[in-house]
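Report on the following structure.
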Amino acid sequence: MTATGNQEIIQVRNLVKRYGDFEAVRGISFEVKEGEIFGLLGPNGAGKSTTLEIMETLRSKTSGEVIIDGISVDENPQGIKRIIGVQLQTSGFYPGLTLTESIRLFNGLYNTSVDPKELLSRVNLEDKARNRFRDLSGGQQQRFAIAITLINRPKVVFLDEPTTGLDPQARRNLWELIRDIRQQGTTVILTTHYMDEAEVLCDRVAIMDGGRIIAIDPPALMIDQLMASGFTPEKEVRGASLEDVFIRLTGHALREA
Ligand code: ADP
C-alpha cells in the first residue's frame, strides 16, 4: 500500500490546545501526504478529536499552525471548509428523510448540485435512494455519512471512527470504500480504536497519548521496530486471525435488511 503522491497536503506545526489550565494538545507537529490514508490513533483523552476538530476549523487552537493545501486555518478557514469533507455522526441526519431528500438538503447547505443517484452509486447505495435514513442498516448509514463527506468533491476527508459498531462484513466493505476514495485522489484522515483496521488500511499512523505524538510511521515499520527491540507477544501470532475464520465461514456478503 503506497500513497499516490509525495507532496504534503497537510502541515501541522507546534499545535497547542489548552482548555483553561489543562493542555489537551501539547505542541504536536506532523504532515500528511497527498493521497495518503493517515490514521490518528490513541487511547481516549489522547487529544485526537481536539486535533481533528482544529484541522476541520470547528475548534479554535491556542497556538501553532495548521495548513491544508497551502491554506492556513488562521487566514482562511472558509477556504479550508471548501476543500475538506467531514463525516457527520449518523445522529446528524434526519431519520425520516429519504437518501435522495437528504442529499438535496446537503446540496442546498453546501451550494452544490450533485446528482443524488451518482453520489449514492459511489457508495453502493443507489438502490436505497428512496429509503429513509432510519431504515438503513448500521453499515449503510455509515456509507451514506461517507457519501455526504464527498458532496463538495473534497481534497481531504476526515472520518471519525468510521467503522465503530459494524459487523466484520460491513467493516471490510467500508475499508474498500475508503480505499476507493483514496484511489480517486482524495486524502483520508481517520481515527479508529481498531488496530487491525489501522494496520490494513493506513499508509501511516500517528499514535497520540497525553496530548503528544509518541510515534508516527507506517504500521509495518512500527511492528518491525517493536520486534527488533526483543518484544515477545503475549499470545502466539498465527498466520490468520479469528476474524479471518469468521469471514471464511460466513462470507464477504453484506447482511443488510
Ligand atoms: P480523544 O479524542 O483522543 O479522546 P479529546 O481531544 O476528546 O481526546 O480530549 C483530550 C482531552 O481534552 C481530554 O482530557 C478531554 O477531557 C479534554 N477536553 C476535550 N474537550 C474539552 C473541553 N471542551 N473542555 C475541557 N476539556 C476538554
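The values are calculated or read from the model by the stated rules, or taken from the named source; none is laboratory data. Values in this document were obtained by computation on a predicted structure and should not be read as measured data. Heads up, the Cβs are rebuilt from the backbone with ideal geometry, glycines too, and the neighbour counts pull from every protein chain shown.
Considering each residue of the stretch 238-251, count those that are at pLDDT below 85 and either under 10 Å from Pro168 (Cβ atoms) or surrounded by 10 or more Cβ atoms within 10 Å (Cβ to Cβ) (or both), and give that number.
If we filter the stretch 238-251 for residues that are at pLDDT below 85, which is where we start, we get 238.
Imposing the further condition that a residue be either under 10 Å from Pro168 (Cβ atoms) or surrounded by 10 or more Cβ atoms within 10 Å (Cβ to Cβ) (or both) reduces the set to none.
Residues meeting the conditions: 0.
Conditions (1) assigned to a loop (DSSP other than H, G, I, E, B); (2) of a type outside the set (A, V, I, L, M), marked per residue:
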position	(1), (2)
Ala24	no, no
Leu40	no, no
Arg59	yes, yes
Val66	no, no
Arg82	no, yes
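Give me the pairs: first residue in the stretch 38-61 and at positive phi, second residue in a helix (DSSP H, G or I) and within 12 Å of the ligand (Cβ to nearest atom), beta-carbon distance under 9 Å, and six or more apart or on different chains, which are they?
Here the result reads Gly42/Lys48, each pair linking the stretch 38-61 to a residue that is in a helix (DSSP H, G or I) and within 12 Å of the ligand (Cβ to nearest atom).
How many residues are touching a residue at least 12 places away in the same chain (Cβ under 8 Å), over 17 Å from Gly85 (Cβ atoms) and part of a helix (DSSP H, G or I) if we restrict to the stretch 137-186?
10
What do you reckon, is Ala253 assigned to a loop (DSSP other than H, G, I, E, B) and over 24 Å from Leu99 (Cα atoms)?
No; evaluated as a whole, the condition is false for this residue.
Could you list all residues from the stretch 13-53 that are more than 9 Å from the ligand (Cβ to nearest atom), within 18 Å of Val188 (Cβ to Cβ) and of a type in the set (Val, Ile, Thr)?
Val32, Ile37
Name the residue that is modelled with the highest pLDDT, counting only residues in the stretch 61-115 that are within 25 Å of Ile9 (Cα to Cα) and among the basic types (Lys, Arg).
Looking at residues that are within 25 Å of Ile9 (Cα to Cα) and among the basic types (Lys, Arg), I get Lys61.
Cβ contacts < 8 Å: first residue more than 9 Å from Thr62 (Cβ to Cβ), restricted to the stretch 8-20; second residue among the polar types (S, T, N, Q) and exposed (fewer than 14 other Cβ atoms within 10 Å of the Cβ), any location; separation 6+ or different chain. Result?
What qualifies is Val12/Ser29; Arg13/Ser29; Asn14/Ser29; Asn14/Ser63.
Of all residues in the stretch 54-94 being acidic (Asp, Glu) and farther than 21 Å from Phe38 by Cβ, which is farthest from the ligand (Cβ to nearest atom)?
Across the stretch 54-94, the extreme among qualifying residues is Glu75.
Testing Ile189 on (1) part of a helix (DSSP H, G or I); (2) touching a residue at least 60 places away in the same chain (Cβ under 8 Å); (3) among the β-branched types (Val, Ile, Thr), one condition comes back false. Which one is that?
All conditions pass for Ile189, except number (1).
Assess whether Ile216 counts as being in contact with a strand residue (DSSP E or B) (Cβ under 9 Å, 6 or more places away or on another chain) and either more than 29 Å from Lys48 (Cα to Cα) or in a strand (DSSP E or B) (or both). Break it down stepwise before answering.
Working: in contact with a strand residue (DSSP E or B) (Cβ under 9 Å, 6 or more places away or on another chain): yes; either more than 29 Å from Lys48 (Cα to Cα) or in a strand (DSSP E or B) (or both): yes.
So Ile216 fits the description; yes.
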